1. Between rounded, prolate and oblate, where does the stretch 31-174 land on the alpha carbon gyration tensor, with a ≥ b ≥ c its root eigenvalues, rounded for a/c under 1.5, else prolate if a/b exceeds b/c?
2. So what is the accessible area of the stretch 170-266 per residue, in Å², with the probe set to 1.4 Å?
3. Consider just the alpha-carbon atoms of the stretch 82-124 and return their Rg together with their Dmax, both in angstrom.
4. Protein chains only, probe 1.4 Å: how do 310, 199 rank by accessible area, largest first?
5. What net charge do the residues around residue 196 carry, taking every other residue with its C-beta under 13 Å from that of residue 196, with Lys and Arg at +1 and Asp and Glu at -1?
6. With a/c under 1.5 counting as rounded, go ahead and sort the stretch 181-315 into rounded, prolate or oblate using the C-alpha gyration tensor (a ≥ b ≥ c being the square roots of the eigenvalues; past the cut-off, prolate if a/b is larger than b/c, else oblate).
7. Label the chain by shape, choosing from rounded, prolate and oblate, from the square roots a ≥ b ≥ c of the eigenvalues of the Cα gyration tensor; if a/c is under 1.5 it is rounded, and otherwise prolate applies when a/b is larger than b/c, oblate when it is not.
8. Just want to confirm a number: the relative contact order over the stretch 210-291, from Cα pairs under 8 angstrom separated by 6+ residues, in percent.
Amino acid sequence: MRSRVYVGTIGSGVWSSDDLGENWEACFNEDNSISRVWSLCWHVNEPAVVWAGTEQGLAQQISGEAVDRVSSPFSDQQVWAIAQSPADHKTMFVGTRPGSIYRTQDGGNSWDELPVGIATKCDIGLTRVTRIRVDPLVEGTVWVSVEIDAVHVSHDYGESWDKLDNGFKFPDIHDMVVVVEEGKRKLLAATAVGLYCSINDGQSWEWNKLDSPWQYTRGIELKADGNGTVFLGNGDGPPGSTGRLLRSNDWGCSWEIADLDSPTNSTIWNIATNKSNPDLLFASTILGQVFRSTDGGIHWTKLPREFNEIRSLTWHPV
């Protein structure tokens with residue numbers, strides 16, 4: 001089985017590698033206007049298609065074919081988050097800047113703007129949806145993190161929403177994951193002021209102080225085999241000048257520093273994993289470094305190529 005890894009950059013579009021990141025080539029390059037890419041998405045039931053959230057709406061590339069711009073009501077907005085339903089790849093949720101959520105149930109042919117009620121403006125200008133997670137336990141439940149407007153949840157495929165902000169010192173949410181431990185749900189949220197946890201479905205959040213010089217956290221991701229391993233990007237700010245990748249072996253209760261073989265040049269921003277090979281992981285800093293692990297995240301190797309600003313990272317089997 002070969003693996004294909006993608007990075008989405010701000011300034012030079014999307015790049016892919018078929019040799020575990022040793023060599024790269026530009027993709028999505030049939031459309032030269034796609035130079036700023038905020039998010040990437042791939043689905044196991046649609047293996048030939050990669051979706052990209054761009055500076056102006058959504059684009060897709062089918063393997064071996066040209067890039068298509070997707071007609072949508074958000075074609076003039078930055079797309080910061082994309083998620084497809086595990087059960088049905090044609091059901092997709094898209095999050096934008098300013099913060100809104102759109103849904104398609106027919107693979108992108110038609111779209112509905114959902115009544116989330118995210119604030120348009122915030123302390124840093126416009127809000128942006130940073131992550132959409134489809135719940136692994138209950139069909140129809142969707143979790144959304146927003147910079148800066150807390151966490152929002154829907155239990156009916158997006159028809160209605162609740163805002164979950166009780167306990168956040170500052171509701172600047174960069175990423176979140178849904179952890180399932182012994183059949184029970186736990187939420188972990190990475191924020192500008194640290195890591196938060198909820199064991200009551202987001203009704204309240206508790207700050208978990210990290211044993212780190214910095215509390216700023218960014219990307220958070222579960223190892224794909226569901227064995228309790230969680231990875232967390234940490235650093236001295238956005239973009240920062242240094243950072244570290246943290247690893248938890250107990251569902252996010254305690255953390256240790258992951259073994260990166262080189263210093264980081266900024267905060268760890270993205271982590272990519274895939275169920276087809278849970279031991280193969282990639283992580284990237286926002287300022288262009290990419291690291292690879294082939295042993296489940298115990299040891300990490302910095303890859304030779306460095307990019308400009310990386311905002312998204314994913315990989316899948318081909």
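1. oblate
2. Per-residue accessible area for the stretch 170-266 comes out at 40 Å².
3. Just the Cα atoms of the stretch 82-124 yield Rg and Dmax of 11.8, 37 Å.
4. On the way: 310 0, 199 140 Å².
These residues rank, largest area first, as 199, 310.
5. -1
6. On the way: a/c = 1.92, a/b = 1.27, b/c = 1.51.
Cα axes put the stretch 181-315 in the oblate bin.
7. Values: a/c = 1.36, a/b = 1.02, b/c = 1.33.
Rounded, because the longest to shortest axis ratio a/c is under 1.5.
8. Result for the stretch 210-291 is 27 percent.
The values are calculated or read from the model by the stated rules, or taken from the named source; none is laboratory data. Predicted model, so just to flag it, every value in this text is computed and none were measured. Using ideal geometry, Cβ is built from the backbone for each residue, glycine included, and neighbour counts are taken over all protein chains shown. Keep in mind that these areas ignore ligands, DNA and RNA; they rest on the heavy atoms of the full protein, side chains included. Shrake-Rupley method; radii C 1.70, N 1.55, O 1.52, S 1.80 Å.
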